[in-house]
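Notes follow the structure.
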Amino acid sequence: MKWKDILFVLGLSAVLGACEKKDIEVFTTDDAGIYFQLIKGYYGTTTEIYTDSLDYSFASLPASMKDVILPATVRTMGKVADQDRPFKVVVDKEGTTAIEGMHYEIDLDSVVVPAGKSSANVNVRFFRTDDLMEKSVRLALRLEDNEHFKCYFPEYKNMNTYSSTGVQIHGDSFSFTLSEMYTIPWYWRVVIETDYFGVWTPKKFVVINMVCGFTMDDWNNAGGTGVKIIYGRCGFFATMVQKYLQEQADAGTPVVDSDGKYMQLDSDYAVDYSRYE
């Protein structure tokens, strides 16, 4: 046999040996995983963007609404089950400034991933308290292992397109930040303060919005054509608020302003608090 034929056979044998099938060890487990994943938005048609926190302001709600329910979504990895599976969530006290019973209420003893499902919501009811006009509060939740789920994802990328650049977010923790902070509307400061509603305070602003049915859009558009808040109607609105404040005072429930004093408008629309002096 010629040398070139021998070399060809040896080379072919080496190639065939390299292509020989080998068993590759893969990750297999019957455990199910669980992690927080709230969709924050979308990029294009297929890319989802996730977040591990939610900021919410009551300033976006009508003044008559006193609470709101917000979800923290959990998702599972592994097979779905044909029965409800409880999972464990606790309040991370070190990362929490909100006070249970005052700022929020939550039932963590009955959270489950329903049968046949791979996701669930941890719902929290947050209350609209006066102190949120001056500060924000935070509620931090944390997932923990139990007999049904393991926390395999302490961190993961915030996008479902893994070829794209993203940032790391927490899979085992989720936080809510709540507030109701306002700034004085320009129309109040420039046009109506001295004639109708008096000195602006956050609490007075909320009371006026509640009584008159104003929204932030109404204030942002104040003074324009065909809008709700115009100078010529402010006397009517101030009378509505004065009547409400007087009724509260006469009923023994006077409204206290942000500074701790009884709430007043301009002197032309004064509320009689003499029974409390």
Handout entry: Gain upon complete extension [R233, D31; 0.36 nm per residue less C-alpha separation]
Key = 66.2 nm
Exercise for the section: Could you size up the charge dipole of the chain around its Cα centre, putting +1 on the beta carbon of Lys and Arg and -1 on that of Asp and Glu, and report it in debye to the nearest 20? Expected result: 1000 debye
Problem - Residue-span extension gain [S110 to Y56] - 0.36 nm each, minus C-alpha spacing - result: 17.0 nm
Completion exercise
Once normalised by the length of segment 82-210, the mean sequence separation of its alpha carbon contacts under 8 Å that are 6 or more apart gives a contact order in percent of 25 percent
Handout entry: Length released on extending from N220 to E147, taking residue separation times 0.36 nm less the Cα-Cα span
Key = 21.0 nm
Problem - Calculated [θ] (222 nm, deg cm²/dmol) that DSSP helices of n ≥ 4 give over the chain, each run adding -39,500 (n - 2.57) - result: -5500 deg cm²/dmol
Exercise for the section: Using only the alpha carbons of segment 115-216, determine the length spanned along each of the three principal axes and report them from longest to shortest in whole angstroms. Expected result: 64, 33, 25
Practice task
Show the residues, 5+ positions off or on another chain, whose built amide H is closer than 5 Å to the amide H of A81.
Solution key: G116, K117
Handout entry: Estimated FRET transfer efficiency (D84, M240; beta-carbon r; R0 41 Å; 0.05)
Key = 0.20
Handout entry: Positive-end extreme of charge dipole, the chain - chosen from Y56, G224, Q168 (charges on Cβ)
Key = Q168
Exercise for the section: Extending each Cα 7 Å along its Cβ direction at N160 and D131, get the distance between those two points in nm, one decimal. Expected result: 3.9 nm
Exercise for the section: Could you tell me which label, among (1) 72, 70, 34; (2) 119, 44, 31; (3) 59, 50, 35, carries the value of Cα extents along the principal axes in Å calculated for this structure? Expected result: (2)
Completion exercise
Computed over the chain, protein heavy atoms only, probe 1.4 angstrom, the accessible area per residue in square angstrom equals 60 Å²
Problem - Fraction of accessible area attributable to carbon and sulfur, the chain (%, probe 1.4 Å) - result: 53 percent
Completion exercise
Taking Cα pairs closer than 8 Å and at least 6 residues apart, the relative contact order of segment 185-263 in percent is 29 percent
Completion exercise
For 249-258, 123-132, ranked highest to lowest by mean beta-carbon neighbours within 10 Å, the order is 123-132, 249-258
Handout entry: Net charge of Cβ neighbours under 15 Å - reference K228; Lys, Arg +1; Asp, Glu -1
Key = -1
Exercise for the section: Take segment 218-277, compute every pairwise Cα distance, and split them into 10 Å bins from 0; I just need the percent in each bin. Expected result: 22, 41, 26, 10, 1
Exercise for the section: Could you please put H103, H170, H148 in sequence from largest to smallest accessible area, using a 1.4 Å probe? Expected result: H170, H148, H103
Problem - Candidates G33, G101, G171: whichever shows maximal mean-square fluctuation once the chain is modelled as a Gaussian network with Cα springs under 10 Å - result: G101
Problem - In nm, spacing of pseudo-spin labels at Y273 and V199 (7 Å Cα→C-beta vector) - result: 1.2 nm
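The values are calculated or read from the model by the stated rules, or taken from the named source; none is laboratory data. Values in this document were obtained by computation on a predicted structure and should not be read as measured data. FYI the Cβ positions are ideal-geometry reconstructions off the backbone, even for glycines, and counts take in every protein chain you see. Heavy atoms of the whole protein, side chains included, go into the accessibility calculation; ligands, DNA and RNA do not. Shrake-Rupley method; radii C 1.70, N 1.55, O 1.52, S 1.80 Å.
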